[in-house]
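Everything below concerns the one structure shown next.
The values are calculated or read from the model by the stated rules, or taken from the named source; none is laboratory data. What you see is a predicted model; the values in this text were computed from it and never measured. A quick note on method: Cβ atoms are made from the backbone with ideal geometry, for glycine too, and the neighbour counts reach across all protein chains shown.
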Amino acid sequence: MSYKILITGANGMLGSNLCTQYSKDKKNIVIATDIKKPDFTKCLNLKMDITNKEDLNIIEKERPNLIIHCAALVNVDYCEEYEKEAEKINSIGTKNIAEAAKKSGCYLVHISTDAIFDGNRGNYKEEENPNPINIYGKTKLDAEKNVEKFCSDYAIVRTNIYGWNREEKFSLAEWMLDKLEKEEELPAFNDVMFSPILVNNLGEAILEIYKIKYNGILHVAGSEACSKLEFAKAIAKVFGLKKELIKQTSVEDINLKAKRSKNMSLNVEKAKKMLKTRILNVEEGLKQFKKLKEEGFVEELKNG
Ligand SMILES: NC(=O)c1ccc[n+]([C@@H]2O[C@H](COP(=O)([O-])OP(=O)(O)OC[C@H]3O[C@@H](n4cnc5c(N)ncnc54)[C@H](OP(=O)(O)O)[C@@H]3O)[C@@H](O)[C@H]2O)c1
């Protein structure tokens, strides 16, 4: 099967991995879009600002089978300070995408987040009540509502991700790895739980969600929850680095602009039952993360 796939936020961590992953199959046509024009050698690259309705005419012109909406303002503390900008990009930008997808008859996978929950309990199922505690979470929840209201053929995928970046910035896993490789002390919260999934594992799941035309909300995160401290220790183990460098800290000890959820872990039982794609656990995901580097995928991600 071949697909015409349009990706928003293609320069970002998730978007760039999806562009690289999907365009490896020569049968696929991958349209990479972002607010700054992307430059993937195997994709059709287009500048598309999701807050500019005129730019979204690209969707009607190209009529992809599938739109994967990754573009967002993800810096939680920045969102707290610049609420209007966060609303404009995360909520209104998603409304624009949902309307354009419906108008052009495209299936939409909207990437959402565990941050729509308050984090008091964790292991959240799809049907549980969201209750965001910061502006980022609130604007991402409004985005979900806009998808439900303005689009009919869609999946809302709630997740928490890590992976390699194409651009010169670090995901949590890259930052932790860099500290350990440089033999620097690595502070890690023992009181923040999450269930991160490797972006490339998520990429496989997204294609399957499209193939089965799932409709509604689905949690696709890592198959087990861990604290940030346990995640750091798992990185040290998988990469053979010194775990003694990791220092246990508490999120209560630092002053962040936006409130943080303590247990954001997502229950992925529904996705595990429904999808053939195997959802990896922490160690399996990190082994795959390491293998991607060893096999040259990261080189391709950064330069391809
Ligand atoms: N990273 C996580 O831990 C995490 C966890 C849960 C869910 N998510 C969700 O996963 C998705 C992808 O996240 P990510 O980590 O890959 O984020 P990212 O690396 O920041 O990528 C987002 C991309 O969207 C672009 N963008 C911003 N405003 C735009 C606009 N108006 N029009 C078009 N593009 C725009 C950004 O460009 P600039 O960089 O130039 O602004 C960036 O290239 C997001 O929807 C996020 O909410 C992420």
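Quick look at the values:
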{"read-out": "Residue list for the range 246-266, filter: closer than 28 Å to Pro132 by Cβ and touching a strand residue (DSSP E or B) at 6+ places or on another chain (Cβ under 6 Å)", "value": "Thr249, Val251, Asn263, Met264, Ser265, Leu266"}
{"read-out": "Tally, over the range 250-265, of residues that are part of a loop (DSSP other than H, G, I, E, B), aliphatic (A, V, I, L, M) and within 25 Å of Ile197 (Cβ to Cβ)", "value": "3"}
{"read-out": "Residue that is surrounded by 18 or more Cβ atoms within 10 Å (Cβ to Cβ) and farther than 26 Å from Leu256 by Cα, where the choices are Ala173, Ala155", "value": "Ala155"}
{"read-out": "Neighbours by Cβ (under 7 Å, 6+ apart or cross-chain): first from the range 29-40, over 16 Å from Glu62 (Cα atoms) and in contact (Cβ under 8 Å) with a residue 40 or more places away in the chain; second part of a strand (DSSP E or B) and more than 13 Å from the ligand (Cβ to nearest atom)", "value": "none"}
{"read-out": "Residue in the range 49-56 that is farther than 20 Å from Ile197 by Cβ, within 13 Å of the ligand (Cβ to nearest atom), hydrophobic (A, V, I, L, M, F, W, C) and surrounded by 20 or more Cβ atoms within 10 Å (Cβ to Cβ) present", "value": "yes"}
{"read-out": "Residue tally, condition within 22 Å of the chain's Cα centre (by Cα) and without any contact (Cβ under 8 Å) to a residue 12 or more places away in the chain, over the range 229-251", "value": "0"}
{"read-out": "Residue pairs meeting the criteria (Cβ under 7 Å; at least 6 apart or on separate chains; first under 12 Å from Glu62 (Cα atoms) and more than 6 Å from the ligand (Cβ to nearest atom), in the range 3-16; second of a type in the set (Ser, Thr, Tyr) and not in a strand (DSSP E or B))", "value": "Ile5/Tyr22"}
{"read-out": "In the range 4-39, the residues that are among the acidic types (Asp, Glu) and surrounded by fewer than 23 Cβ atoms within 10 Å (Cβ to Cβ)", "value": "Asp25, Asp39"}
{"read-out": "Matching residues in the range 234-262 - criterion: being buried (at least 17 other Cβ atoms within 10 Å of the Cβ) and within 22 Å of Glu284 (Cα to Cα)", "value": "Ala234, Ile235, Ala236, Val238, Leu241, Ile246"}
{"read-out": "Every pair of residues 6+ apart whose Cβ atoms lie under 8 Å, when the first sits in the range 78-91 and is within 12 Å of Asn134 (Cβ to Cβ) and within 12 Å of the ligand (Cβ to nearest atom) while the second is among the polar types (S, T, N, Q) and in a loop (DSSP other than H, G, I, E, B)", "value": "Cys79/Asn134"}
{"read-out": "Filter result for Asn96 (modelled with pLDDT of 95 or more, out of contact with any Pro (no Cβ under 9 Å at 6 or more places or on another chain), within 26 Å of Glu299 (Cβ to Cβ) and within 11 Å of the ligand (Cβ to nearest atom))", "value": "no"}
